[in-house]
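Participant: If you scroll down you'll find the structure; I have some questions about it.
Nothing in this text is a laboratory measurement; each read-out follows from the coordinates by a stated rule. No experiment lies behind these values; they were computed from the predicted model shown. Neighbour counts are summed over all protein chains in view; Cβ atoms, including those assigned to glycine, are modelled from backbone coordinates with ideal geometry.
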């Protein structure tokens, strides 16, 4: 994620007037109350705007490519532009334009900069800001980013400028949406009308505006707005029925009458295509993947690698079965209408939106991807992938796997963090499931029991929620694996919950993952591998499925296959909450291959993870003992016994399922340090 300098600073140390830059609206620079005259050169203004938002020093070559289309002397023109910028922002004894080495950066930590303040708020999460902070931020939005500034024959800058304008427009909408929540009826219409202007296809703003008009008794104005908005939606090929539904519901709330048809009695076809089209009992996080932009082409042609990658991501996300994914045809149609990603996300009423671009230069391929929360405009995750184009389809397949694994992981994290802040008795099935995941990943006895209770609540609220059954199975698995409860009954419960997950949805990779783990507990290793292979076949980017293949193979299967699966799972999900287990599985496989020094190093890495449990510490201790590093091994064992005072090699071998030779090897290692 980008980081930005603080924009709210006092005057300069010498007591002179502070410098303020306004980039929302026409570029304006002030010293105190005095507006500074700007150079006539548009490229000076463009360069200033780009450097203000650059999170890191920018190479001169990139700036030349950005603004100059094969000029005679691009670096000479760049130097001239920088001299003009210095005259605008530098002070005696204080240079704000830094030109160290071959890079350029701006230091504005003592200045007031509107876009930096907005960007910082976006990073913090606009939905987390206090009403006072939101009201302070709202006046910053005086117009489009660098309003009126366009540069001829600079396509790279034009693309960047368009992206920034979309970004700050989305921030403005998010601020308005949050302000509306606390606004009185005396001020709400002004906010809603501005929101409609910025996001005319956002169904929620129309619903709130119609409701506000009804509350104020402005029925005629409401009917006029409904008619106008319905025509606008229909002209774009969008369903206007939800607007009529909202109008009827608003009037029904004001004047309840049995004859009024509310949203509960409307047919399913009247529902919007996004998250709210799913019954609340079966709610899932919803996502739209917009077509990627091919920066290598300037013809606007479709059907190339960019579209193929977006289609692949949509398909793979749908295979996860844990998200409500908008179909390709819908998002491609909105893209063809030049609808920006966040605007499309609001139109579709989804929780998250993915956008991205690809660029090919010779044999190099660069893919940039961004995941954003629709309602807050917060960038949840962004990544850049660089590959050689020696095997195009293989490269796109690999990038697609990594994108989908990262998106799924980031959304799970967002939903977990959101669920943990809500009162337990207010949770729906989706939220209870993610509250369970939050506790599950703590890997201790108390939290595992809390996880079990939340998963149980999720399946009671939604008996068709396969992932919640998979989570319940995992909680019982942990009880058996860690020795926290009587193994026999917990093994049976893990198997039963996994079976229910499969009965609900046998196309859910998590259901096969849960069954694979439950079968392993029962000692049916071959069948376990079959189920786990089915999980990763259904969803090749399912990192935990690949890890569990590594876990099973690391003990009684093929250790080389275990290493490959462990590496692949880490490649797909490098910050996974089960990363310690991926590393631990690799260590056990290396130990079985007799590569004890390597096993010790991987065991140490596994134990260093903050949520590593007792079995992982045991892997580190025994791997170190096998490598002859006895003092270190005893240190890890001592740490383990701080939480499990009576832990022995028998506990380790009961938890794991090694063959006779491997079991004897670990017993010998334990004998050296216990």
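Participant: Could you tell me the relative contact order of the stretch 282-410? Use alpha-carbon pairs under 8 Å, at least six residues apart, and round to a whole percent.
Facilitator: Reported as a whole number, the value is 26 percent.
Participant: Fewest to most neighbouring Cβ within 10 Å: what's the order for 221, 598, 460?
Facilitator: 460, 221, 598
Participant: Next question, about the same structure. On full extension of the chain, what length is gained from residue 160 through residue 231, given 0.36 nm per residue of separation minus the C-alpha to C-alpha distance?
Facilitator: 22.3 nm is the gain from fully extending residue 160 to residue 231.
Participant: Still on this structure, please answer the following. If contacts are Cα pairs under 8 angstrom and at least 6 residues apart, what is the relative contact order of the chain in percent?
Facilitator: 7 percent
Participant: Sum -39500 (n - 2.57) across every DSSP H segment of at least 4 residues in the chain, then divide by the residue count to get the 222 nm mean residue ellipticity, nearest 500.
Facilitator: -19000 deg cm²/dmol
Participant: Relative to the present Cα-Cα distance, how much length would full extension add between residue 642 and residue 101 at 0.36 nm per residue of separation?
Facilitator: 189.5 nm
Participant: Inverting the mean 1/r over all pairs of different Cα atoms, compute the Kirkwood radius of the stretch 547-613 and quote it in Å.
Facilitator: Across the stretch 547-613, the inverse of the average 1/r is 11.3 Å.
Participant: Normalized C-alpha radius of gyration of the stretch 422-540, against 2.2 N^0.38 Å?
Facilitator: My calculation over the Cα atoms of the stretch 422-540 gives 1.00.
Participant: Distance in nm between label sites at residue 426 and residue 527, each 7 Å beyond Cα in the beta-carbon direction?
Facilitator: 4.5 nm
Participant: Please list, in order, the residues from the stretch 579-609 whose amide nitrogen is less than 13 Å from a point placed 7 Å along the Cα→Cβ vector of residue 635.
Facilitator: 604-605, 608
Participant: Something else now. Which of the peptides 320-326, 362-368 is most tightly packed, and how do the rest follow, judged by the mean count of other Cβ atoms within 10 Å per residue?
Facilitator: The densest-packed peptide leads the list: 320-326, 362-368.
Participant: Ok, one more. Compute from the Cα atoms of the stretch 183-256 the Rg and the Dmax, the latter being the longest Cα-Cα distance, and quote both in angstrom.
Facilitator: Answer for the stretch 183-256, Rg first and Dmax second: 11.7, 34 Å.
Participant: Using a/c under 1.5 as the rounded threshold, could you call the stretch 29-74 rounded, prolate or oblate? The axes a ≥ b ≥ c are square roots of the C-alpha gyration tensor eigenvalues, and prolate needs a/b larger than b/c, oblate otherwise.
Facilitator: In terms of gyration-tensor shape, oblate.
Participant: Pop a pseudo-label 7 angstrom from the Cα along the beta-carbon direction at both residue 197 and residue 241 and give the gap in nm to one decimal.
Facilitator: 3.3 nm
Participant: Would you mind checking the stretch 575-590 for residues with the amide N under 18 Å from a putative spin-label position 7 Å along Cα→C-beta of residue 560?
Facilitator: Zone members listed by number: 586-590.
Participant: Could you calculate, for the stretch 571-674, the ratio of the Cα radius of gyration to the Kirkwood radius, expressed as Rg to Rh?
Facilitator: With Rh from the inverse mean 1/r over Cα pairs, Rg/Rh is 0.94.
Participant: With a Förster radius of 25 Å, plug the Cβ-Cβ distance of residue 136 and residue 31 into 1/(1 + (r/R0)^6) and report the FRET value to the nearest 0.05.
Facilitator: About 0.70, to the nearest 0.05.
Participant: Another one. The chain: D in µm²/s via Stokes-Einstein (Kirkwood Rh, Cα pairs, 10 °C, 1.306 mPa s)?
Facilitator: Result for D is 56 µm²/s.
Participant: Give me the extension gain from residue 567 to residue 444: residue separation times 0.36 nm, minus the current Cα-Cα distance, reported in nm with one decimal.
Facilitator: 41.7 nm
Participant: Same structure again: Quick check: from the Cα gyration tensor, does the stretch 150-214 come out rounded (a/c under 1.5), prolate or oblate?
Facilitator: Here the stretch 150-214 falls in the prolate category.
Participant: Dividing the alpha-carbon radius of gyration of the stretch 404-451 by 2.2 N^0.38 Å (N being the number of residues), what value is obtained?
Facilitator: In units of the 2.2 N^0.38 Å rule of thumb, it is 1.14.
Participant: What FRET efficiency comes out for residue 109 versus residue 664 if R0 is 60 angstrom and r is the Cβ-Cβ distance? Round to the nearest 0.05.
Facilitator: The calculated FRET efficiency here is 0.45.
Participant: Let's test this: bin the Cα-Cα distances of the stretch 19-140 at 10 Å from zero up to the farthest pair and state each bin's percent.
Facilitator: P(r) over the stretch 19-140, rounded to whole percents: 11, 41, 32, 14, 2, 0.
Participant: Does the stretch 492-579 classify as rounded, prolate or oblate by the C-alpha gyration tensor (a ≥ b ≥ c root eigenvalues; a/c under 1.5 gives rounded; else a/b over b/c gives prolate, otherwise oblate)?
Facilitator: The shape class here is oblate.
Participant: Ranked from highest to lowest mean number of other Cβ atoms within 10 Å per residue, what is the order of the peptides 177-189, 371-383?
Facilitator: Top of the packing list down: 371-383, 177-189.
Participant: Enter the Cα centre distance for the pair the stretch 149-204 and the stretch 533-582, rounded to the nearest angstrom.
Facilitator: Here the answer is 43 Å between Cα centres.
Participant: Turning to a different aspect of this structure: Measure of size requested: the Rg and Dmax of the stretch 282-410, with Cα atoms as the atom set and Å as the unit; please supply both.
Facilitator: In Å, with Rg to one decimal and Dmax whole: 14.0, 47.
Participant: Could you give the nm distance between label points at residue 575 and residue 75, where each point is 7 Å from its Cα heading toward the beta carbon?
Facilitator: Those two pseudo-labels are separated by 3.8 nm.
Participant: Roughly what % of DSSP beta bridges within the chain run antiparallel, to the nearest 5?
Facilitator: Taking every DSSP beta bridge within the chain, about 80 percent pair in antiparallel fashion.
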